[in-house]
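Report on the structure given below.
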Amino acid sequence: MTMLVGFLLIIGGLLFISDGSSNLESIKILSGVFGGWIGTIIGYYFGQRPVKGLTDRVEDLTKTQTTTIQKYGEAEKELSKTKEEVLKAKASFRKAYETLSELYETTEKEKPK
């Protein structure tokens, strides 16, 4: 803001001090120099907002991705444990079925006819 005021004061001073022919050339040169500075400052200020927002968004997505990967790993471990338990239960049921089948066959043989 201070640069803008300084720019306007310098241009205003040049208009009153110098003659009319070189006035236009001086204004062109100074507006190019100060315009570049002002454009840079404005671009920097307004350019920070979207970059900050995008940076925050990327950080959020990275955290979400990391959390998702961790949860996936935990779910995979849980699934593996569950599969082991199912296989153990299946083996126990198979053994119990075989035992019951043997008992049934034994009782059928001993049954009086």
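Summary table below
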{"item": "Residues being under 24 Å from THR2 (Cβ atoms) and modelled with pLDDT of 75 or more - total across segment 42-60", "result": "5"}
{"item": "Residue check for LEU87: over 35 Å from the mean Cα position of the chain (by Cα), among the hydrophobic types (A, V, I, L, M, F, W, C), assigned to a helix (DSSP H, G or I) and at pLDDT below 75", "result": "no"}
{"item": "Residue match in segment 10-28 (condition: over 42 Å from the mean Cα position of the chain (by Cα) and either modelled with pLDDT of 75 or more or not in a helix (DSSP H, G or I) (or both))", "result": "yes"}
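The values are calculated or read from the model by the stated rules, or taken from the named source; none is laboratory data. Keep in mind it's a predicted model, so treat the numbers as computed, not measured. Note: ideal-geometry Cβ built from the backbone for every residue, glycine included; neighbour counts use all protein chains shown.
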